[in-house]
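The values are calculated or read from the model by the stated rules, or taken from the named source; none is laboratory data. Note that the structure is predicted; figures quoted are calculated from it, not measured. Virtual Cβ from ideal backbone geometry, glycine too; neighbours counted across all protein chains shown.
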Amino acid sequence: MGKTSGLRAITEVAEAIHAAYPNAVSFGGLEDRHRRMQQFEALGFPNCWGCIDCTHVYVDKPRSRDGDDYCSGRHNRFSLVTQVVVDSELKILDFCYGFPGTVGDARVLKNTSLYRRALKGSLFLDDPQDPFRGERPFIPGVPNGYLLGDGGYPNLPWLVISYGRQPVVTRAMQQFDALHKIVRSCVERFFGVFKMRFQFFYRPHITDIRRERLEFLACCILHNLL
């Protein structure tokens, strides 16, 4: 099989996977979210929806683009940045793929549909029809859910980061940060598992960003189904 035919076949398979399981990567329905929040509550973070972080997918220098935008000084390699939200079972709930390697986590976040939906109030909803609404604890400022993120993200009503290097650190802050680090590590474990399972994303390769996003989505679906 020639290269062109092979790429066409990969695209067709990826499209077929997406068509067969269009909702495999999502925050799910009310019951799914409630079960997920119960799992995070058992870990010390009630009402939490998931953990968010970014990773680099290494590629050869993208064609017809300014390579400097894709070459991160930190890694000194060409890459695409992908933002992912996962739950405590390492299932993918949301992702945004294909930012140049020099783009930081906070900037990636602000250019995603997740960020826009959260700001509009259409994501972390207080749904009066939610049958589990009365079973969840009320947390001032974040009654409807939130994500856990690292220090590369801003602290928002729906995005909780650690205290980090504060001028005055209390014991309670230290305990919070320690627990935050443990629970949030699920997203870091996910990146390791995902890249070992789909090693195409583990090493540099020639890429077409639009096609590779579809391939990444197909792999996310397969990951959630396995």
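Odds and ends about this structure:
- ASN155 vs. criteria farther than 20 Å from PHE45 by Cα and either surrounded by 14 or more Cβ atoms within 10 Å (Cβ to Cβ) or free of Cβ contacts under 8 Å to residues at least 40 places away in the same chain (or both): no
- Those helices (runs of 4 or more DSSP H) lying entirely in segment 64-139 with at least 1 residues of a type in the set (D, E, K, R) and at pLDDT below 80: 67-70
- Residue tally, condition more than 15 Å from GLU215 (Cβ to Cβ) and free of Cβ contacts under 8 Å to residues at least 60 places away in the same chain, over segment 13-35: 6
- In segment 166-183, the count of residues that are small (Gly, Ala, Ser), under 23 Å from GLY101 (Cα atoms) and at pLDDT 90 or above is zero.
Residue by residue, here is whether (1) within 15 Å of the chain's Cα centre (by Cα); (2) buried (at least 16 other Cβ atoms within 10 Å of the Cβ) holds:
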residue	(1), (2)
PRO140	no, no
GLY145	no, yes
TYR163	no, yes
ASP177	no, yes
ARG189	yes, no
PHE201	no, yes
ASP208	no, no
PHE216	yes, yes
ILE221	yes, yes
